[in-house]
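All remarks here apply to the structure that follows.
Laboratory data are not the source of any read-out in this text; all were calculated from the coordinates shown. Predicted model only: the values in this text are computed from it and were never measured. Every residue, glycine among them, receives a Cβ derived from its backbone with ideal geometry; neighbour counts consider all protein chains shown.
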Amino acid sequence: MKGTVYEAIGPRCLVKDEAGQMHRAVVRGKFRLHRFQTTNPVAVGDVVHFSPAEKRRPAVIQQIEPRKTFLVRRANKLSKRYQIIAANIDRLFILFTLTAPPTSPRFVDRLLVTAEAYHIEPFIVINKTDLYEGPLLARKEQWRRLYASLGYPVLETAAIRNDGLESLREAIAGRTNLIVGQSGAGKTTILNALIPGLDLPTQDISHYTGKGRHTTTRVRMYDYDAHTRIIDTPGIRDFGLVGFEPYEISHFFPEMRPYIPHCRFNNCLHNTEPGCAVRAAAAEGKIAPERYESYLRILANPY
Ligand SMILES: Nc1nc2c(ncn2[C@@H]2O[C@H](COP(=O)(O)OP(=O)(O)O)[C@@H](O)[C@H]2O)c(=O)[nH]1
Ligand SMILES: [Mg+2]
Ligand SMILES: [Zn+2]
């Protein structure tokens, strides 16, 4: 039988078959799908082939289809192994708030780069628009213009008042979507507003402890409608860039691409190299200083 993984904890997972029936299933043996080592054999979003349960035996996963896209993070700080967080994601919705809490633009850029690297379509969702007045409203406009100028769709929502949800509904339709944002940005509020009856508790525990980055988290996929799915990643703040060389990172900044061929060295890191066209463009204001700053930080620390 064929199905899609909705929840995965180690080798155990919940699989929905093509008729909509849920199955508890286990993975036996090893599947190697990537150049790097992974800690989890199956991930939410995986398309799998399995043999159905028999008497006392659970369903067994026999094959995992190659992942069209995936997101990873390092299993822990020192590890060379990686955890696949979710697979076959079409769109990444990055929540951005200017207050309560202010979202770090570095965080947003890291996620945009990850989306570019793994061929997932990113959307910026500016949430809590009900709170923006005066200088905050002006800053919100600046960020909106910057992200739009890079070619990213920007949506604006006040999830608490159900404002702007229509454009969000249109953007998720027919796809597998993942919503990510800093703790407190309104991820859960948006999920609850989109899916009536879901009733997830708002305010992550991680919000209070400041932890939760590498703690056990339950990634779970929810059906929005028959063709649309939303993946929740509670406690996961950001993802790692795995499988890329340092000189490749600038290619994930769309505004840098036109300048890269004009650098003196073709493996230029756009840092201190002489004859760097990207650094020159940043100095001339053709690349936003905030974005160049994010680039240097990601270069120094890709995780
Ligand atoms: N003012 C305002 N508050 C919001 C909005 N969306 C969410 N919140 C509040 O922000 C807090 C954190 O929301 P939550 O959904 O738990 O954030 P999460 O940590 O990203 O899942 C809660 O108190 C929500 O009621 C919004 O659009 N406007
Ligand atoms: Mg939450
Ligand atoms: Zn350069």
Report the paramagnetic label zone for ASP199: residues of region 157-179 whose backbone N is under 14 Å from a point 7 Å from Cα along the Cα-to-Cβ axis.
none
What is the distance in Å between the Cα centres of region 8-55 and region 88-114?
29
Counting only trypsin sites (Lys or Arg not before Pro) that sit in a DSSP loop (anything but H, G, I, E, B) with at most 11 other Cβ atoms within 10 Å, what is the longest stretch of the chain containing none of them?
81-210
Computed [θ] at 222 nm, helices only, for the chain once each DSSP H run of length n ≥ 4 contributes -39500 (n - 2.57)
-6500 deg cm²/dmol
Once the Cα gyration tensor of region 246-300 is diagonalised, what are the square roots of 5 times its eigenvalues, in whole Å and ordered largest first, as equivalent ellipsoid semi-axes?
14, 13, 10
Under the Cβ-under-4.7 Å rule, which cysteines of the chain stay unpaired?
CYS13, CYS276
How much length is gained if the chain between ILE9 and GLU170 is pulled fully straight, taking 0.36 nm per residue apart and subtracting their Cα-Cα distance, in nm to one decimal?
54.8 nm
In nm², the average projected area of the convex hull spanned by the Cα atoms of region 59-218 is 11.6
Grab the beta carbon distance between VAL60 and ARG144, set R0 = 45 Å, and tell me the FRET efficiency rounded to 0.05.
0.35
Net charge of neighbours whose Cβ lies under 13 Å from the Cβ of ALA280, counting Lys and Arg as +1 and Asp and Glu as -1
+1
Please get the size of the charge dipole for region 89-232, origin at its Cα centre, with Cβ charges of +1 on Lys and Arg and -1 on Asp and Glu, quoted in debye to the nearest 20.
480
What's the angle, to the nearest 10 degrees (0 to 90), between helix 134-149's Cα axis and the longest principal axis of the chain?
80
In whole Å, what three semi-axes, largest first, describe the equivalent ellipsoid of the chain built from its Cα gyration tensor (square root of 5 times each eigenvalue)?
34, 25, 16
Which values of log₁₀ I(q)/I(0), to two decimal places, follow from the Debye formula for region 2-84 at q = 0.16, 0.22 Å⁻¹ with a uniform point scatterer at every Cα?
-0.58, -1.01
Debye log10 I(q)/I(0) at q = 0.29, 0.30, 0.33 Å⁻¹ for region 95-134, Cα point scatterers
-0.96, -1.00, -1.10
Spacing of the two label points (7 Å from each Cα toward its C-beta) at LYS30 and HIS227, in nm
4.1
